[in-house]
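Peer 1: First the structure, then my questions, so here it is.
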Amino acid sequence: MTDFVLSEYLSKFQTSDKTSFSPVENASRELNVVIDKLAVSPEQIDTEEETLESLIDLCQGFPHLTDKLQIQLSYLISSSCKILSNDIQNILTGTSNFNDTMELIPEWKRHLEEYGYLIHTLLFFLKEDIHKTASRSANLNRGRKVPGGNVETQVVEKFKSSCNQILQLCETIVAILNINFNRIFQTTVENDLFIGLFTRPLFSLVEVEAVIKVPALNHSITSIIALSVRNHGQSSSAQNAILTNLTYFSHLSNFTADLLTVVSSEFNYPQLTEDILKDISNRVFNAKDSTGPKSISGFLIKLSSLLPVVMLRQMSSLIKLLNNSSITLRCSIVEACGNIVINLAKDGESFVHYKQQIGVLIELLEERFQDSNPYVRTKAIQGCLRIIDLNVKLNEKRASITMLAVRSLQDRSSLVRRNATKLLSKLLLKHPFNLIHGSQLRLSDWKMYLSVAEETLGKLLGEVAPTDSIVGDSETIHGTDDVSRIEEEATDVNGINGNAILKARLMVSYYKDAIEFIESLHSSIDLISDLLFSRNRNEVLEAMDFLVLCDAYDLEPSEHGIKKMLHLVWVKGTNDEGTSISTHLIYCYKQLFLTAPDGVTAKERSGYIAKNLIDLTVDASVADLASLEKLLGMMYQDNLIDENIIRVLWAIYNSTLKDDVANRFTKDQLHGSIIVLSMLALENYEIITKGLDSLLNIGLGDIGSKDLILCKYSCIALERMVPKKETTIQSMISKAQEEVAVKKLYKKVVNNTKDLAFYPMCEQAINALFTISSKPDIVGSELIREKTMMTFGKPESGEDSMMVDTDSRVVSLSQLLFIVGQIAIKTLVYLEKCEAEFKKRKIQAEIQKGKEKDNQQNDASNTTTDSISKDKELEMIGDTNEDDFTDAIQFIKETELLYGENSLFKKFCPIIEEIVSNSTRFNDVMLQRTATLCMEKLMCISSKYCEKSLPLLITVMEKSPDPIVRSNAVLGLGDVAVCFNNLVDENTDYLYRRLHDENLMVQRTCLMTVTFLILAGQVKVKGQLAEMAKCLENPDQGISDMCRLFFTELATKDNAIYNGFIDIFSNLSSDKMLKQDGFKKIIKFLLSFVEKERHQKQLCDKLCSRLKKCTTQEQWDDVEFVLNNISFKNEKITALLGEGFKLVSARE
């Protein structure tokens, strides 16, 4: 027997250098001797001093043993101690007389301490081995080279071996902890020292993340800690160890939560969890510490899901963390509130029992909607979203959550707005107003239901003596308290109508709640429609899905949002998951308009879809039609629009020939059919080719003469018979069909009418004529002559000639000038098309010559008369110089079209100039508009004429009282800038002035024109970007949004905003008309595009030099504002701002 003092051995082991332990000589023999001794009985450990000393030496020299000897040693100690522990436990539980065991207790205590020390030593070295193997594994994962053979296999095997040995020791520790130590250890110090032999190494062991991923080891460690806490009073030490580990090791969040769940649930000891939560609530974290708050946040979130009731009891303490500066901690408390509510509400009984506490937690979530940090606000919204998803009655909270969600749509953070949209979608899907009238939420219907219910209530109240408590009309029910109050009021009414009145009152309140909810959704639709053009792609997709959902519930404002959504077809880019905006738009529109109800036939399906497509064109603006055209083309490419639908559209168009058409279709639907067909023709021109006869007989026939809008869209469809890449239609239709089409178009153009719809129809008719005619220049000349004769004299006799009423000469002249201008611009396009066709044929000729040399014999045998003539034509083209042809086209445009001896356009130039320059004499509004428009189009032909007429155009743009004339002048100047850039470059200031025109339409037109010219590189930006920047604060939302889009696009072009920022700032700062708030908003917006640190530093340097030259307080304040809003900072800037403020203050 030896004298073993645990505290001395343990202190010596802990303070000594572990590497100083020498290896045991002939360790295998020593181990075998010990095995033989302990095989007799585990109590033989200290019968001889050499046995214990050998075991201690072997354990302390554990790192020097071979793997086999290590396994044998750990098994020997664990098995021997386990047998000893079981024997002690059996004796203690089997003996009722304490005196019988008194003599054995000192010996048991000594043996347990000896084995405990040996287990502690082994755990320490095994823990070290696991740390090393985990570190080596991490190095391997990072790609670092570790010396050795098959290193990865060695590391894995070593880790498995160490884990297995620890697992054996843990099983033994569990057996030890099952013993009642109250009889063995007399003092708490001895007890704590002994238990600490096992718990301290294990708490250190879990610092290795790989350990807790081993399920068996994880379970054993959890059981040991739980036993030590419940049976042996180790709550305090376990609490300290858990909090220490939790603070420094983020991977222990879930492990700690699982551990406390076991301690609380399986071992019925929730006090430890509550003490830890109290300690956490009182902790103060360093502002620079990120690991601690992150780890504790993960722990709180996990624990709230596992132990909601325990955590609920400590929420009054944990709420203090909401005042913590750590965003992560605040997020965790908010998420924990949501988890607690969700877990308690899953069970009906617990929901009823904790209903009051649940209400308090939901109110806390609602408060966090106003947190200063967007991530916390988002967590609050997500918590409410999960709560709403539960199938529990929360009517009293639903209204307030809806209101907060709508308000959050105006949040500055896109993350908050996106989650608020999700919350509103969930509120809509889970709305409780579907019990009586179905799930639809059309506001007009619900108001009708309310009026009926109020009328019923009024009749019932009229039958009894009215009381003040019953008559309140403006009350709504938000909770059970209100229901109880109404029931009490109803019982006060004597008579048989008490129940009927109660029911009527509840119905009125039900409808009022529903209407309040629907009106909130209406407000949200308007706000979400504005989010469709957010820079955040995920937010855009959420907004689209919400609008589709609103349409499914028949919410009226969704129609406007869906129409607005149409313009997203032009948006490029994808969200985080790779979903394209345009692809999702197609999916949404497919759901809305291309999905027929279940159970319909194929014919009914085609009719349903065709009608939906037509409805999209009704009351559509030009922008809407352009976007719809793009979308339908993409849908057609995806085979979402089939031939059956196209047949239905043609059938609707052809129905105009029938007598009862007015009873079957409206004019808008007839127009819509040909509009949709013309849009689809861009993807497949054969759609129009098949219906050519219908176009000629209806749109270009007598019906078209009466309905010029139908005629206009028929002309557009006719023009689109030509494929996109083709320049001729001769192969598409016969010569006879071409002659008929040209003749009908000719007749429509020369037709004299006072209907203002003539002008858009005439434009499209001329466009179609130049597209389908094989000789458009000749037809155009004849058309001008015919219209001129109709205007100024008697026309030539002929079946198509028309007499001109003397009263309509001004109207006819207006139409003539419009025709001249349109034919002029189309002639210019025709010449460019001829030039392109020439170059194309020249290339083909060269290719053909090369093929002829290679395949001369084959070509000779298959040659026909037509191919020989074609070859001669190609040879002629091949001999012509390409530059010569280009010069010839240029000569025609510059000289012949406007200044040639036989030029028709030449004769109209003096007339146009006279009309435009004498607006008082020629005061007809349409005449002035068409004359100005014609002059602008003629200016695009010749630079000589452009230079001559440019001063007149600028004068008109500046001084004309008609905003349409000014708008057209702006567009004309933009076109001229594209054609003759050098002429307009010096006069762009006049163009920028129209950005602040008194008329909103002119402002919008000018902004679009300047945006195109700048982004296309047609004009050089000098100092005028400030004028564009002022449009950011335009009262009109459309102009402001368009300007934001302009700067967003400009920012992608060679640091354009950075390069022009100083000029913009100078102009804005010196503008006395610009309000200070507007100045700050513009500067903040522009600075968001200066992202590179190098550019920020250079801007700061330039502004710092300017800061020293400021002469007034206002100048200094403006520069200071910019410097404070640039994210780049250094001590020089801070010092300079401080000195500058003092300097200015002293100067004043």
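The values are calculated or read from the model by the stated rules, or taken from the named source; none is laboratory data. On a predicted model such as this, the values are computed, not experimentally measured, just so you know. Cβ: placed from backbone, ideal geometry, glycine included. Neighbour counts: every protein chain shown. Areas reflect the complete protein model, heavy atoms only, side chains present, ligands, DNA and RNA absent. Shrake-Rupley method; radii C 1.70, N 1.55, O 1.52, S 1.80 Å.
Peer 1: Which of the following residues is under 30 Å from MET1001 (Cβ atoms) and either of a type in the set (Phe, Trp, Tyr) or in a helix (DSSP H, G or I) (or both): ILE1062, ILE1039? Steps first, please.
Peer 2: Numbers: ILE1062 fails: under 30 Å from MET1001 (Cβ atoms).
Exactly one residue qualifies, and that residue is ILE1039.
Peer 1: Additional query: Counting only residues that are open to solvent by 40 Å² or more (accessible area, probe 1.4 Å) and touching a Pro at 6+ places or on another chain (Cβ under 8 Å), how many does the range 495-537 have?
Peer 2: 1
Peer 1: Would you please name the residue that is farthest from THR402 (Cα to Cα), looking only at residues in the range 338-369 that are open to solvent by 40 Å² or more (accessible area, probe 1.4 Å) and hydrophobic (A, V, I, L, M, F, W, C)? Explain how you work it out, then say what you get.
Peer 2: Residues of the range 338-369 open to solvent by 40 Å² or more (accessible area, probe 1.4 Å): 343, 346-349, 352-357, 360, 363, 367-368.
Filter once more, so that each one left must be hydrophobic (A, V, I, L, M, F, W, C): 352, 360.
Values: VAL352: 23, VAL360: 17 Å.
Only one residue fits best here, namely VAL352.
Peer 1: Looking only at the range 370-382, filter to residues that are of a type in the set (Ser, Thr, Tyr) and at pLDDT 90 or above; which one of those is most open to solvent (accessible area, probe 1.4 Å)? Walk me through how you get there before you give the answer.
Peer 2: So the first thing to find is which residues in the range 370-382 are of a type in the set (Ser, Thr, Tyr), and the list is 372, 375, 378.
If we keep only those that are at pLDDT 90 or above as well, we get 375, 378.
Numbers: TYR375: 135, THR378: 7 Å².
Looking at residues that are of a type in the set (Ser, Thr, Tyr) and at pLDDT 90 or above, I get TYR375.
One line per residue, one yes/no per condition, for (1) at pLDDT 80 or above; (2) within 25 Å of LYS1020 (Cβ to Cβ); (3) assigned by the TED database to the domain that holds ILE1014:
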{"site": "ILE1057", "(1), (2), (3)": "yes, yes, no"}
{"site": "PHE1061", "(1), (2), (3)": "yes, yes, no"}
{"site": "LEU1068", "(1), (2), (3)": "yes, yes, no"}
{"site": "ASP1071", "(1), (2), (3)": "yes, yes, no"}
{"site": "GLY1078", "(1), (2), (3)": "yes, no, no"}
{"site": "ILE1133", "(1), (2), (3)": "no, no, no"}
{"site": "SER1145", "(1), (2), (3)": "no, no, no"}
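Peer 1: Just checking, does the range 305-319 include any residue being open to solvent by less than 20 Å² (accessible area, probe 1.4 Å), of a type in the set (S, T, N, Q) and within 20 Å of PHE249 (Cα to Cα)?
Peer 2: No, the conditions are met nowhere in the range 305-319.
Peer 1: Right, something else. Might you let me know whether the range 915-933 holds any residue that is closer than 17 Å to LEU828 by Cα, assigned to a helix (DSSP H, G or I) and either open to solvent by less than 50 Å² (accessible area, probe 1.4 Å) or of a type outside the set (Val, Ile, Thr) (or both)? Write out each step before concluding.
Peer 2: Start the filter on the range 915-933 by keeping residues that are closer than 17 Å to LEU828 by Cα, which leaves 933.
Subsequent filtering for residues that are assigned to a helix (DSSP H, G or I) retains 933.
Imposing the further condition that a residue be either open to solvent by less than 50 Å² (accessible area, probe 1.4 Å) or of a type outside the set (Val, Ile, Thr) (or both) reduces the set to 933.
Within the range 915-933, one or more residues are closer than 17 Å to LEU828 by Cα, assigned to a helix (DSSP H, G or I) and either open to solvent by less than 50 Å² (accessible area, probe 1.4 Å) or of a type outside the set (Val, Ile, Thr) (or both).
Peer 1: Restricting attention to the range 238-256, which residues are open to solvent by 10 Å² or more (accessible area, probe 1.4 Å) and in contact with an Asp or Glu (Cβ under 7 Å, 6 or more places away or on another chain)?
Peer 2: Hits for the range 238-256 are GLN239, ASN245, PHE249, HIS251.
Peer 1: Provide a single number: the residues in the range 628-658 that are assigned to a helix (DSSP H, G or I), of a type in the set (Lys, Arg) and without any contact (Cβ under 8 Å) to a residue 60 or more places away in the chain.
Peer 2: The initial filter retains those residues of the range 628-658 that are assigned to a helix (DSSP H, G or I), namely 628-637, 643-657.
With of a type in the set (Lys, Arg) added as a condition, the list becomes 630, 647.
Applying the additional criterion that residues be without any contact (Cβ under 8 Å) to a residue 60 or more places away in the chain yields 647.
Result for the range 628-658: 1.
Peer 1: Checking ARG605 against (1) within 30 Å of HIS431 (Cα to Cα); (2) of a type in the set (Lys, Arg); (3) not assigned by the TED database to the domain that holds SER529, which test does it fail?
Peer 2: Failed condition: (1).
Peer 1: Let me confirm something: among LEU217, LEU202, LEU259, which residue is outside the structural domain of ILE105 (by the TED database), in contact with a helix residue (DSSP H, G or I) (Cβ under 7 Å, 6 or more places away or on another chain) and open to solvent by less than 10 Å² (accessible area, probe 1.4 Å)?
Peer 2: Values: LEU217 fails: outside the structural domain of ILE105 (by the TED database); LEU202 fails: outside the structural domain of ILE105 (by the TED database).
So the residue among LEU217, LEU202, LEU259 that is outside the structural domain of ILE105 (by the TED database), in contact with a helix residue (DSSP H, G or I) (Cβ under 7 Å, 6 or more places away or on another chain) and open to solvent by less than 10 Å² (accessible area, probe 1.4 Å) is LEU259.
Peer 1: Shifting gears a bit: May I ask you to list the residues in the range 266-277 that are in a helix (DSSP H, G or I), within 19 Å of MET315 (Cα to Cα) and open to solvent by 10 Å² or more (accessible area, probe 1.4 Å)?
Peer 2: Here is the first cut: in the range 266-277, the ones in a helix (DSSP H, G or I) are 266, 271-277.
Pick out the ones that are also within 19 Å of MET315 (Cα to Cα) and you get 271-277.
Matches in the range 266-277: GLN271, GLU274, ASP275.
Peer 1: Name the residue, out of LEU385, LEU424, that is surrounded by 14 or more Cβ atoms within 10 Å (Cβ to Cβ), assigned by the TED database to the domain that holds LEU549 and either at pLDDT 90 or above or of a type in the set (Gly, Ala, Ser) (or both). Even if it seems obvious, please write down each step before you answer.
Peer 2: Numbers: LEU385 fails: assigned by the TED database to the domain that holds LEU549.
After applying the criteria, what remains is LEU424.
Peer 1: Something else about it: State all residues of the range 951-973 that are hydrophobic (A, V, I, L, M, F, W, C) and crowded, with 20+ Cβ neighbours inside 10 Å; if no residue qualifies, say none.
Peer 2: Applying the first criterion (hydrophobic (A, V, I, L, M, F, W, C)) to the range 951-973 yields 952-954, 956-957, 964-965, 969-971, 973.
Within the range 951-973, LEU953, VAL956, MET957, VAL965, ALA969, VAL970, LEU973 qualify.
Peer 1: Just for helices (runs of 4 or more DSSP H) wholly inside the range 1-84: which have at least 2 residues that are closer than 30 Å to THR188 by Cβ? It would help to see each step written out before you state the result.
Peer 2: Numbers: elements: 6-15, 27-40, 49-60.
Because the criterion is at least 2 residues that are closer than 30 Å to THR188 by Cβ, the helices (runs of 4 or more DSSP H) in the range 1-84 that meet it are 6-15, 49-60.
Peer 1: Let me ask you something else. Do we find that LEU568 is modelled with pLDDT of 90 or more and either crowded, with 17+ Cβ neighbours inside 10 Å or over 18 Å from THR421 (Cβ atoms) (or both) in this structure? Lay out the reasoning, then the answer.
Peer 2: On the way: modelled with pLDDT of 90 or more: no; either crowded, with 17+ Cβ neighbours inside 10 Å or over 18 Å from THR421 (Cβ atoms) (or both): yes.
Criteria not met by LEU568.
Peer 1: Further, regarding this structure: Given the residues GLU190, GLU157, GLU207, which is the only one that is out of contact with any helix residue (DSSP H, G or I) (no Cβ under 6 Å at 6 or more places or on another chain), buried (at least 16 other Cβ atoms within 10 Å of the Cβ) and either more than 25 Å from ILE280 (Cβ to Cβ) or at pLDDT below 85 (or both)?
Peer 2: Numbers: GLU157 fails: buried (at least 16 other Cβ atoms within 10 Å of the Cβ); GLU207 fails: either more than 25 Å from ILE280 (Cβ to Cβ) or at pLDDT below 85 (or both).
The conditions single out GLU190.
Peer 1: Report those helices (runs of 4 or more DSSP H) wholly inside the range 970-1030 carrying at least 3 residues which are within 19 Å of LYS948 (Cα to Cα).
Peer 2: On the way: elements: 981-984, 988-993, 1000-1015, 1025-1030.
In the range 970-1030, the matching helices (runs of 4 or more DSSP H) lie at 981-984, 988-993.
Peer 1: Can we say GLY599 is more than 27 Å from the chain's Cα centre (by Cα) and on the phi > 0 side of the Ramachandran plot? So that I can check it myself, show each step before the final result.
Peer 2: Numbers: more than 27 Å from the chain's Cα centre (by Cα): yes; on the phi > 0 side of the Ramachandran plot: yes.
The answer is yes for GLY599.
Peer 1: Here is a follow-up. Taking the conditions exactly as written (open to solvent by 10 Å² or more (accessible area, probe 1.4 Å), farther than 20 Å from SER621 by Cβ and of a type in the set (Gly, Ala, Ser)), does ALA543 satisfy them or not?
Peer 2: Values: open to solvent by 10 Å² or more (accessible area, probe 1.4 Å): no; farther than 20 Å from SER621 by Cβ: yes; of a type in the set (Gly, Ala, Ser): yes.
No: the conditions fail for ALA543.
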